[in-house]
Amino acid sequence: MRFRSDVTVELVKSSASDADVLFAARVSTAGEKSLEEVGADAERSAGLINYLMRDRHGSPFEHNQFTFYVSAPIFVFREFMRHRTFSYNEESGRYRRLEPVFYVPGAGRKLVQEGKPGRYVFVDGSPEQHALVEQTTRRVCGEAYRGYLEMLEAGVAREVARGVLPVSIYSTMYATCNARALMNFLSLRTKREDSTFPSFPQREIEMVAERMEEHFAAAMPLTHAAWNRNGRVAP
Ligand SMILES: Cc1cc2nc3c(=O)[nH]c(=O)nc-3n(C[C@H](O)[C@H](O)[C@H](O)COP(=O)(O)OP(=O)(O)OC[C@H]3O[C@@H](n4cnc5c(N)ncnc54)[C@H](O)[C@@H]3O)c2cc1C
């Protein structure tokens with residue numbers, strides 16, 4: 001049995017740069033010459049990206065691609081896969097035996113929810129509550145996994161036996177998106193006071209989103225800066 005309190009996010013494949021936004025936008029006025037103008041004038045390029053973001057001209061942000069490898073608890077994947085503009089492939093609980101890796105909240109995870117729906121705040125929780133979460137998670141996950149193995153050993157199909165496993169078990173997937181889809185995802189799955197529309201995501205999917213945002217910022221710094229400047233609203 002292995003217990004983790006973190007997530008894995010790797011950028012495994014990508015074709016994404018600010019120049020991809022520029023040539024797509026400039027075809028409006030430069031036609032087939034728009035590719036030649038890429039990189040011509042850095043200040044003008046930053047201004048154009050900011051204008052596209054501010055006025056929500058979204059399609060030039062679609063000519064690029066990020067493929068992420070993600071390992072996270074299944075309850076994170078359930079939220080993640082609501083984002084329909086990503087393409088997904090996930091490991092199968094029908095075709096392979098699931099590994100005994102489970103999520104347990106780390107010491108820094110705030111445990112107690114206060115406030116109204118949509119306006120929650122989370123506060124730390126007492127040492128007793130932290131101990132209860134840790135002990136209960138380890139005990140129940142251990143018992144569930146033992147039941148899973150018992151059924152497999154008795155010849156029960158994996159797709160049936162997996163029914164006893166909790167959503168805290170880790171899964172793995174590849175998720176592919178473009179920058180426009182990624183900005184929509186990040187605007188909803190990160191919590192920032194300075195967002196035009198602040199969101200209140202669950203902390204564990206936010207941990208995935210934060211790692212993705214680092215890759216996005218590194219690959220497309222002008223786009224990332226313009227998105228932040230315009231209140232983190234996806235164009
Ligand atoms: C804090 C939070 C709490 C949530 N709570 C719940 C909950 O309690 N229950 C629940 O069911 N869900 C919940 N969700 C999920 C939420 O309702 C969305 O399904 C999810 O955030 C994906 O957003 P999206 O549709 O913008 O993303 P995507 O599916 O990636 O779509 C991106 C954009 O494409 C367009 N689009 C995509 N598909 C369509 C379509 N079929 N028709 C028209 N336009 C489309 C829209 O402009 C959309 O914004 C929650 C989400 C968050 C962030």
Among Ala161, Ala42, Ala175, which one moves the most in a GNM of the chain with springs linking Cα atoms closer than 10 Å? Ala42
Relative contact order, percent, segment 2-229 [alpha-carbon distance under 8 Å, six or more residues apart]: 31
FRET efficiency estimate (nearest 0.05) - Cβ-Cβ, Glu99 to Leu132, R0 30 angstrom: 0.70
Candidate aspartates and glutamates - alpha carbon under 17 Å from Lys116, same-chain residues fewer than 8 apart omitted: none
Sorting Val9, Ala46, Ala25 by the position of each Cα along the dipole of the chain (Lys, Arg +1; Asp, Glu -1; all at Cβ), the one nearest the positive end of that ordering is Val9
For the chain, find the longest principal axis of its Cα atoms and tell me its angle to the long axis of helix 179-189, 0 to 90°, nearest 10. 50
On a 0 to 90 degree scale, rounded to 10, what angle separates helix 203-219 from the longest Cα axis of the chain? 30
After finding the eigenvalues of the alpha carbon gyration tensor for the chain, what semi-axes result from the square roots of 5 times each, listed largest first in whole Å? 41, 22, 12
Tell me what the chain gives for mean residue ellipticity at 222 nm when only DSSP H runs of n ≥ 4 count, each as -39,500 (n - 2.57), the sum divided by the residue total, rounded to 500 deg cm²/dmol. -13500 deg cm²/dmol
Over the chain, with a Gaussian network built from C-alpha contacts below 10 Å, which listed residue (Ser168, Ser15, Ser28) shows the highest mean-square fluctuation? Ser28
Taking the chain as a Gaussian network, Cα atoms linked when under 10 Å apart, which of Ala219, Ala25, Ala154 shows the biggest mean-square fluctuation? Ala154
Hey, what angle do you get for helix 42-54 against the long axis of the chain, alpha-carbon based, 0 to 90 degrees rounded to 10? 60
If every Lys and Arg gets +1 and every Asp and Glu gets -1 at its Cβ, then about the Cα centre the chain yields a dipole, in debye to the nearest 20, of 620
Which net charge results for the neighbourhood of Tyr95, defined as the other residues with beta-carbon distances under 15 angstrom from its beta-carbon, given Lys and Arg at +1 and Asp and Glu at -1? +1
Just add up the charged neighbours of Asn178: K/R +1, D/E -1, any other residue whose Cβ is under 11 Å from the Cβ of Asn178. -1
From fewest to most C-beta neighbours within 10 Å, the residues Ile205, Ile74, Ile49 line up as Ile74, Ile205, Ile49
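Every read-out reported here was derived from the displayed coordinates using simple, explicitly stated rules and does not represent laboratory data. Keep in mind that this is a model prediction, so the values were computed, not measured. FYI the Cβ positions are ideal-geometry reconstructions off the backbone, even for glycines, and counts take in every protein chain you see.
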